[in-house]
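The values are calculated or read from the model by the stated rules, or taken from the named source; none is laboratory data. Because the structure is a prediction, the values reported are computed rather than measured. All Cβ positions, even for glycine, are placed from backbone atoms using ideal geometry, and neighbour counts span all protein chains on display.
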Amino acid sequence: MSIKVAIVGTGHMGKIHLGKLYGFEEVRLAGITDIDTEVLSALSAQYRVALYKDHRDMADELNGVVIATPTDTHYPIARSFMEKGVHVFIEKPVAATVGQARRLVDLAAKNGVVFHVGHLERFNPAFRKARQLIRAPLVIEARRVSPFTGRSTDVDVILDLMIHDLDLVLSLVGKDVREIRAGGAAVVTDKLDAAQARIAFANGTVANIFSSRVATKRERMLTVLEKGRSFCIDFMEGKLTITAKKPGGGLAIEEYAAERIDPVQDELADFISAIKGGPQQGATGEDGLSALILANKIRQHIAKKQR
């Protein structure tokens, strides 16, 4: 039985999802929609998939939908599909507000639908390897920077880039935040383009996170320190370096490098598997909500300092 999936939003990420789903044998692309009718027509011809002017005309007989639209449209679009029993994959951040995210989580539970949020770094092979080994993080350092691209300027850098690392940190530590210190600056847009946050958790773990979308080069790094060991993850290279204290003194260094890095394909495969009844390994709606709550606390802390 084929899984019928539609895509709402065929911008940068929507095109990537479309190309990946086209290669899934068990998936039948049931439709695409976007406000850019010229791009929509070209993609419809390229992938031989039906196009729709309105997402509300797509839900009949669908199994799942991938939503890759601007953040402020996530809630009404996802709600319309969930109310019809369609499983939802939504790009991060999960919604524009915490209230909207909570309502989507409740609606997904009420209607028994899979709710997957696109925190794709969970599927990076280096992180997945490290997650199997990390026991009790003491300090976490994350750095995620990019040159300015002009994309995702409907949100600030915290919801654009930092939220990836907030999700990863929460998946390693938990939700019990004790203290937040943060700062940031608007550089080329009217929103924060660079931000740093220090997050102290009740269990003693401290996370230091820096994100910028006005850097000179791209970096995606996360380091986890625990007693006797450190884990350095390079998301761009899919590389994990483990440094461990030897029993007799000195340090042992072990490196793991992934042969294949395709987190988008892997998270879509997880979504399709969950639709078919398999366990959901990626970020759930609840996970997306937790990351958004923490992101908003950081944003509020910075806004309060800047007033």
I'd like to check something: does segment 240-259 contain any residue that is in contact (Cβ under 8 Å) with a residue 60 or more places away in the chain, surrounded by 21 or more Cβ atoms within 10 Å (Cβ to Cβ) and not aliphatic (A, V, I, L, M)?
no
Which numbered condition in (1) farther than 22 Å from Arg181 by Cα; (2) touching a residue at least 24 places away in the same chain (Cβ under 8 Å); (3) not aromatic (Phe, Trp, Tyr) is the only one that Cys232 fails?
(2)
Scan segment 238-253 for residues that are farther than 11 Å from Phe127 by Cα and in contact with a Lys or Arg (Cβ under 9 Å, 6 or more places away or on another chain) and jot them down.
Ile242, Thr243, Ala244, Lys245, Leu251, Ala252
Could you grab me the full set of residues in segment 13-45 that are surrounded by 21 or more Cβ atoms within 10 Å (Cβ to Cβ) and part of a loop (DSSP other than H, G, I, E, B)?
Asp34
Considering each of Gly204, Gly249, Gly277 in turn, give the residue that is in contact with a Leu (Cβ under 9 Å, 6 or more places away or on another chain), in a loop (DSSP other than H, G, I, E, B) and over 20 Å from Lys129 (Cα atoms).
Gly204
I'd like to know if segment 228-239 contains one or more residues that are within 17 Å of the chain's Cα centre (by Cα), under 23 Å from Lys175 (Cα atoms) and of a type in the set (Ser, Thr, Tyr).
no
Between residues in segment 26-41 that are under 10 Å from Ser2 (Cβ atoms) and touching a residue at least 60 places away in the same chain (Cβ under 8 Å) and residues that are of a type in the set (Lys, Arg) and not in a loop (DSSP other than H, G, I, E, B), which pairs lie under 9 Å by C-beta distance while being six or more apart or on different chains?
Val27/Lys4
Which one of these is under 29 Å from Thr73 (Cβ atoms) and in contact with a His (Cβ under 9 Å, 6 or more places away or on another chain): Val117, Val188, Val155, Val113?
Val113
From the option list Ala130, Ala126, Ala96, Ala186, single residue qualifying as over 19 Å from Gly288 (Cβ atoms) and free of Cβ contacts under 8 Å to residues at least 60 places away in the same chain is Ala186
Considering only segment 46-58, how many residues are in a helix (DSSP H, G or I) and either surrounded by fewer than 21 Cβ atoms within 10 Å (Cβ to Cβ) or among the charged types (D, E, K, R) (or both)?
4
Within segment 216-230, is there a residue that is more than 23 Å from Arg122 (Cβ to Cβ), among the β-branched types (Val, Ile, Thr) and modelled with pLDDT of 95 or more?
yes
Among the residues of segment 45-78, write down those that are closer than 10 Å to Val8 by Cα and in contact with an Asp or Glu (Cβ under 7 Å, 6 or more places away or on another chain).
Ile67, Ala68
Would you mind stating whether Gly285 is outside the structural domain of Asp156 (by TED's automatic domain parsing), over 17 Å from Val177 (Cβ atoms) and modelled with pLDDT of 95 or more?
yes
Specify the residue that is nearest to the chain's Cα centre (by Cα); the eligible residues are those in segment 142-163 that are of a type outside the set (A, V, I, L, M, F, W, C) and buried (at least 23 other Cβ atoms within 10 Å of the Cβ).
Asp160
Considering only segment 104-123, state which residues are out of contact with any helix residue (DSSP H, G or I) (no Cβ under 6 Å at 6 or more places or on another chain) and surrounded by 17 or more Cβ atoms within 10 Å (Cβ to Cβ).
Gly118, Arg122
Quick one: count up the residues across segment 59-68 that are out of contact with any His (no Cβ under 7 Å at 6 or more places or on another chain) and surrounded by fewer than 24 Cβ atoms within 10 Å (Cβ to Cβ).
4
Restricting attention to helices (runs of 4 or more DSSP H) lying wholly within segment 72-145, give those where 3 or more residues are outside the structural domain of Leu62 (by TED's automatic domain parsing) and basic (Lys, Arg).
125-133
